[in-house]
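Enquirer: Quick one: the structure is below, questions incoming.
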Amino acid sequence: MRIDVLTVLPRMVEEAFREGVVGRAVEGGLLELKVWNLREFAEGKYQQTDDAPFGGGAGMVMKPEPIVKGVRAIREDADAEPLKVLLTPQGRLFDQATARRFSEAPRLLLICGRYEGVDERVSELCVDEEISVGDYVLSGGEIPAMAVIDAVGRLLPGVLGNDASAGQDSFTGGLLDHPHYTRPAEFEGVRAPDVLLSGDHEAVRLWRRRRALERTRERRKDLFERAELSDEDLRLLESSRT
Ligand code: 9D3
């Protein structure tokens, strides 16, 4: 697939994908990533991409012309029509289902906001969806765009060594993951649970499931209440309450 990014900080996004799973996907041609400098679409002596808000108030607003020009140039740069996504704190929350849906599009165009916000006419004219990555304040849409690229990129066919591991992740099963341990069996006086060293695969499976259920109940009530629990799950939770 192809992902285009429109941003005033193109190097920030380019640098992020020189390494790692998605960096390799780009090198290997499984993902085509093209980062565009918004300033190149801005006119005038100062090539301004922002301006003071109508109605007054603090901060600056991103001007509509450079973004709309940029989006049009990017659309014309390839055959398929991209799904156009604006990263903004006002967007719908990004989740694994959205990552999956985006990974099925032939092309994705990520538009990064900065400053106090983006002129609303950008959304009206050339945005399909507005997305936020969580309820905390960042300085712009670049880090959210990187999160989207990483989450989408690792779902592309052939990107992870084993395609099985992509589907088994936290959230796709609706529960948080169980705790993990590796050698040594005792580290700084703390032992790994004996059951994991027992060789009893069924006991390991039950232990992992119970710990996943307990953690989700404790930390993520929202996920726990939506999870479809089996009779076995209810028994495991029963034994953990005592
Ligand atoms: C006081 C109102 N703020 C909106 C919640 C102002 C504001 C804060 C941060 C306006 C823009 C920004 C910059 N952030 C993003 O562009 C952004 C973002 C984020 O801050 N958090 C989570 N997801 C995203 S996606 C884009």
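The values are calculated or read from the model by the stated rules, or taken from the named source; none is laboratory data. Nothing here was measured: the structure is a model prediction, and the numbers come from that model. Methodologically, a virtual Cβ is constructed for each residue, glycine included, from the backbone with ideal geometry; neighbour enumeration extends over all protein chains shown. Surface areas here come from the heavy atoms of the whole protein model, side chains and all, with no ligands, DNA or RNA. Shrake-Rupley method; radii C 1.70, N 1.55, O 1.52, S 1.80 Å.
Enquirer: Residue under question is Arg75, and the condition is that it be assigned by TED's automatic domain parsing to the domain that holds Pro53 and more than 16 Å from the ligand (Cβ to nearest atom); does it hold?
Expert: Answer is yes for this residue.
Residue-wise test of (1) without any contact (Cβ under 8 Å) to a residue 60 or more places away in the chain; (2) out of contact with any Asp or Glu (no Cβ under 7 Å at 6 or more places or on another chain); (3) not hydroxyl-bearing (Ser, Thr, Tyr).
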residue: Ala42; (1), (2), (3): yes, yes, yes
residue: Asp50; (1), (2), (3): no, yes, yes
residue: Leu86; (1), (2), (3): yes, no, yes
residue: Glu116; (1), (2), (3): no, yes, yes
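Enquirer: Something else about it: Only one residue in Val133, Val148 is open to solvent by less than 70 Å² (accessible area, probe 1.4 Å) and within 8 Å of the ligand (Cβ to nearest atom). Which one?
Expert: Val133
Enquirer: Looking at segment 63-84, is at least one residue closer than 26 Å to Tyr136 by Cα, in contact (Cβ under 8 Å) with a residue 12 or more places away in the chain and within 21 Å of the chain's Cα centre (by Cα)?
Expert: Yes - at least one qualifying residue is present in segment 63-84.
Enquirer: Okay, moving on. Could you list, in sequence order, all residues of segment 92-114 that are open to solvent by 20 Å² or more (accessible area, probe 1.4 Å) and within 21 Å of Leu9 (Cα to Cα)?
Expert: Arg114
Enquirer: Out of Leu83, Leu110, report the one residue that is more than 15 Å from the ligand (Cβ to nearest atom) and closer than 12 Å to Val127 by Cβ.
Expert: Selected residue: Leu83, the only one of Leu83, Leu110 that is more than 15 Å from the ligand (Cβ to nearest atom) and closer than 12 Å to Val127 by Cβ.
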